[in-house]
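K.L.:
Let me give you the structure first, and then I'll get to my questions.
The values are calculated or read from the model by the stated rules, or taken from the named source; none is laboratory data. In this text the structure is predicted, and so the values were computed from the model without any measurement. Counting neighbours? That spans all protein chains shown, and the Cβs are built from the backbone with ideal geometry, glycine included.
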Amino acid sequence: MATVMYRSTRGDSRLVSAAEAIVSGIAADGGLYVPTELPRLTVPPAELAALSYQDLAGQIMSLFLPDFTAAELAAAVQQAYDDKFDTPLIAPLVTHGEVHFLELFHGPTLAFKDMALSILPYLLRLAAEKCGLQEEVVILTATSGDTGKAALEGFADVAGTKIIVFFPEHGVSPVQKRQMVTQTGANTHVVGIEGNFDDAQSGVKAMFTDAQLRRQLQQAGYVFSSANSINVGRLIPQIVYYYSAYLQLVNQGKLQAGQPVNFVVPTGNFGNILAAYYARQLGLPVHKLICASNANKVLFDFFTTGIYDKERPFFVTMSPSMDILVSSNLERLLYHASNEDTAWVKAQMENLGRQGHYRVPETVRAAMSDFVGGYATEEATAKAINSVYRQSGYLIDPHTAVAYAVLQDYLSVSGDTTPTVVVATASPFKFAKDVLEAVAGPQSSEDEFALLFELAAVTGQPVPAAIADLQTKPVLHRTVCKKDDMRRVAAEILQLV
Ligand SMILES: *Cc1c(COP(=O)(O)O)cnc(C)c1O
């Protein structure tokens, strides 16, 4: 088999190793790294079904990371997927009614970002070694709420790294914010910005491609890398749980090996669902990939019209990790769906930057026909939380509820009878007020932390240990800046001259 290398979606023709792609985070031309070929997983399902999550992860990741040895990957997965997760299954699949839920929130920060960010520090350290990197790695991260904490947790006190997280000061949930600003670790820095996630993300992207900043960094002995899903080191570990979901369904006797499934993925930056697409390319029998958006339904409009238009009102919703108008990883899908036409992808990204929109031709739309878009309003989201709880006593968070609501709409219009997995991306306790109001009606209290315990009392389910003591932890990070000052704040943190 030819070795998988990585190239930029925007045409920079230099091929880099997986290690180099992980260390750089983003290509020098602003494009995203994509594998030069999509590998196939040829191991028979019966054999895969017997593997632990860790061994499955080792097998799948080795296909995309040929420059990492099996022993290196085995050590990384053992350290990443250990008792930081509150279940040995790591990503358990549960069934309520007709719907399967893949629970990706059993890690230390109670959201699916832990699935990749608990292993990224190990991959990055190995990658830095392979690239002979002398410099200290600065992880620069924009977050819509969950990535930030998961990355901080993963990189705190990791030797040879510093991490700077930018989050929208008024665009994350109180629990998400508290999780970040109480982060310990001398190498961690957390900055609120006066702006939304898209502002944070474009500010970070601009720093990556700022030649002057790069020179200053180099002089100071640093290089930037990213913990956002623009980094292939984030995407690759996410492929694993789609396989795991499938194999659990087979092991539980709910699916015949070889039978197709659908996945409904609550989507923001398009990283999670893109990993499902890569799982399908590996050979996983997937029928439809259902892309669920909240009121910020730019992806729904894209999949239904072929036009991506970010010029629209931005809504702060109860599913803040999906409050995104520029879904970065869609660029990777455009690359694959356009038959790797990098000049065309580059032109569309320029159109998006200049005019705020682009349109894809029919041929490209046809190549994306496995995707279905849907969206849920705030009202439909709350209703979904309520109806799942009433029907089965199962509590879902607002992001998962968006996916559930979109699935119900999809089923009623398509009549599709394919078994379907809803990807459950966060613990309902991360969003206690909205979840409690959905199941028990309006609450007069605005105190998110009191409401955590109220939610536990009403539902009889315990507050997860990871957030039970959050309120009493000291706030260690207080910096807030304007969106145009992100570069200056980063330079100050790194003491660049
Ligand atoms: C990040 C996140 C999402 C969106 O995932 P993308 O990979 O950005 O599409 C959905 N739900 C939760 C809880 C998240 O943290």
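K.L.:
Restrict the check to region 180-197 and report whether at least one residue is among the aliphatic types (A, V, I, L, M), more than 23 Å from the chain's Cα centre (by Cα) and at pLDDT 95 or above.
P.N.:
Yes, the conditions are met somewhere in region 180-197.
K.L.:
A further question follows. Kindly evaluate residue 116 against the criterion of being closer than 30 Å to residue 25 by Cα, of a type in the set (A, V, I, L, M, F, W, C), in contact with a Lys or Arg (Cβ under 7 Å, 6 or more places away or on another chain) and at pLDDT 95 or above.
P.N.:
Answer is yes for this residue.
K.L.:
Among the residues of region 466-496, what is the count of those that are over 18 Å from residue 177 (Cβ atoms) and in contact with a Cys (Cβ under 9 Å, 6 or more places away or on another chain)?
P.N.:
Number satisfying all stated conditions: 1.
K.L.:
Return the residues of region 148-169 that are among the acidic types (Asp, Glu) and more than 19 Å from residue 486 (Cα to Cα); say none if nothing qualifies.
P.N.:
153, 157
K.L.:
Okay, moving on. So residue 457 fits all but one of (1) exposed (fewer than 15 other Cβ atoms within 10 Å of the Cβ); (2) within 23 Å of residue 308 (Cβ to Cβ); what number is the exception?
P.N.:
Among (1) exposed (fewer than 15 other Cβ atoms within 10 Å of the Cβ); (2) within 23 Å of residue 308 (Cβ to Cβ), residue 457 violates only (2).
Results for (1) β-branched (Val, Ile, Thr); (2) surrounded by fewer than 18 Cβ atoms within 10 Å (Cβ to Cβ), shown as yes or no for each residue.
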position: 347; (1), (2): no, yes
position: 357; (1), (2): no, yes
position: 361; (1), (2): no, yes
position: 365; (1), (2): no, yes
position: 377; (1), (2): yes, yes
position: 381; (1), (2): yes, no
position: 403; (1), (2): no, no
position: 429; (1), (2): no, no
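K.L.:
Moving on to the next point. Looking at residue 222 and the list (1) surrounded by fewer than 22 Cβ atoms within 10 Å (Cβ to Cβ); (2) in contact with a helix residue (DSSP H, G or I) (Cβ under 7 Å, 6 or more places away or on another chain), which single condition is not satisfied?
P.N.:
With respect to (1) surrounded by fewer than 22 Cβ atoms within 10 Å (Cβ to Cβ); (2) in contact with a helix residue (DSSP H, G or I) (Cβ under 7 Å, 6 or more places away or on another chain), residue 222 is out only on (2).
K.L.:
Taking the stated definitions as given, is residue 250 of a type in the set (A, V, I, L, M, F, W, C), farther than 14 Å from residue 332 by Cβ, modelled with pLDDT of 95 or more and within 14 Å of the ligand (Cβ to nearest atom)?
P.N.:
So residue 250 fails the test.
K.L.:
Note down all Cβ pairs under 8 Å where the first residue falls in region 416-428 and is in a strand (DSSP E or B) and within 9 Å of the ligand (Cβ to nearest atom), the second is of a type in the set (Asp, Glu) and at pLDDT below 95, and they're at least six residues apart or on different chains.
P.N.:
Sorted first by the residue in region 416-428, then by its partner, the pairs are 426/146.
K.L.:
Can you tell me which residue among 104, 120, 110, 140 is closer than 30 Å to residue 484 by Cβ, surrounded by 22 or more Cβ atoms within 10 Å (Cβ to Cβ), within 16 Å of the ligand (Cβ to nearest atom) and not acidic (Asp, Glu)?
P.N.:
120
K.L.:
Just to be sure I understand, how many residues within region 279-325 are within 11 Å of the ligand (Cβ to nearest atom) and either of a type in the set (Ser, Thr, Tyr) or over 15 Å from residue 375 (Cα atoms) (or both)?
P.N.:
Qualifying residue count for the region: 3.
K.L.:
Separate question: Restricting the search to region 380-397, which residues are in a helix (DSSP H, G or I) and either farther than 18 Å from residue 321 by Cβ or modelled with pLDDT under 95 (or both)?
P.N.:
383, 386, 387, 388, 389, 390, 391, 392
K.L.:
Just give me the residues in region 329-344 being part of a loop (DSSP other than H, G, I, E, B) and surrounded by fewer than 22 Cβ atoms within 10 Å (Cβ to Cβ), in sequence order.
P.N.:
338, 339, 340, 341
K.L.:
Take the conditions among the aliphatic types (A, V, I, L, M), closer than 19 Å to residue 401 by Cβ, crowded, with 23+ Cβ neighbours inside 10 Å and within 16 Å of the ligand (Cβ to nearest atom) and apply them to residue 275. Does it pass?
P.N.:
So residue 275 fails the test.
K.L.:
For residue 439, indicate whether it is surrounded by fewer than 16 Cβ atoms within 10 Å (Cβ to Cβ), over 24 Å from the mean Cα position of the chain (by Cα), more than 14 Å from the ligand (Cβ to nearest atom) and closer than 28 Å to residue 95 by Cβ.
P.N.:
No: the conditions fail for residue 439.
K.L.:
At pLDDT 95 or above, within 22 Å of residue 61 (Cβ to Cβ) and more than 12 Å from the ligand (Cβ to nearest atom): does that describe residue 226?
P.N.:
Considered against the rule, which asks whether it is at pLDDT 95 or above, within 22 Å of residue 61 (Cβ to Cβ) and more than 12 Å from the ligand (Cβ to nearest atom), residue 226 comes out as no.
K.L.:
Restricting to helices (runs of 4 or more DSSP H) lying wholly in region 1-65: which have 1 or more residues that are within 27 Å of residue 339 (Cβ to Cβ)?
P.N.:
18-24, 53-64
K.L.:
Hey, could you check region 152-167 for residues that are within 16 Å of the ligand (Cβ to nearest atom) and modelled with pLDDT under 95 and say which is surrounded by the most Cβ atoms within 10 Å (Cβ to Cβ)?
P.N.:
Ranking the candidates gives 154 first.
K.L.:
Which of the residues spanning region 224-259 are aromatic (Phe, Trp, Tyr) and part of a loop (DSSP other than H, G, I, E, B)?
P.N.:
Matches in region 224-259: none.
K.L.:
Of the residues that sit in region 11-50 and are more than 20 Å from residue 122 (Cα to Cα) and in contact with a Leu (Cβ under 8 Å, 6 or more places away or on another chain), which one is surrounded by the fewest Cβ atoms within 10 Å (Cβ to Cβ)?
P.N.:
Of everything passing the filter in region 11-50, 40 is surrounded by the fewest Cβ atoms within 10 Å (Cβ to Cβ).
K.L.:
Here's something else I'd like to know. In region 96-110, which residues are part of a loop (DSSP other than H, G, I, E, B), touching a residue at least 40 places away in the same chain (Cβ under 8 Å) and within 23 Å of residue 321 (Cβ to Cβ)?
P.N.:
104, 105, 107, 108, 109, 110
K.L.:
Give the number of residues within region 69-95 that are assigned to a helix (DSSP H, G or I) and closer than 18 Å to residue 112 by Cβ.
P.N.:
Total satisfying the criteria: 2.
K.L.:
Please work out which one of (1) among the β-branched types (Val, Ile, Thr); (2) part of a helix (DSSP H, G or I); (3) within 13 Å of residue 293 (Cβ to Cβ) is the condition residue 400 fails and give its number.
P.N.:
(3)
K.L.:
Still on this structure, please answer the following. Return the pairs, sorted by first residue and then second, in which the second residue is surrounded by fewer than 16 Cβ atoms within 10 Å (Cβ to Cβ), the first residue lies in region 466-477 and is over 20 Å from residue 426 (Cβ atoms), the beta carbons are less than 7 Å apart, and the residues are 6+ apart or on different chains.
P.N.:
From residues that are over 20 Å from residue 426 (Cβ atoms), the pairs are 476/184.
K.L.:
Continuing with this model, one more query. Among the listed residues 187, 231, which satisfies the condition of being within 16 Å of the ligand (Cβ to nearest atom) and surrounded by 16 or more Cβ atoms within 10 Å (Cβ to Cβ)?
P.N.:
231
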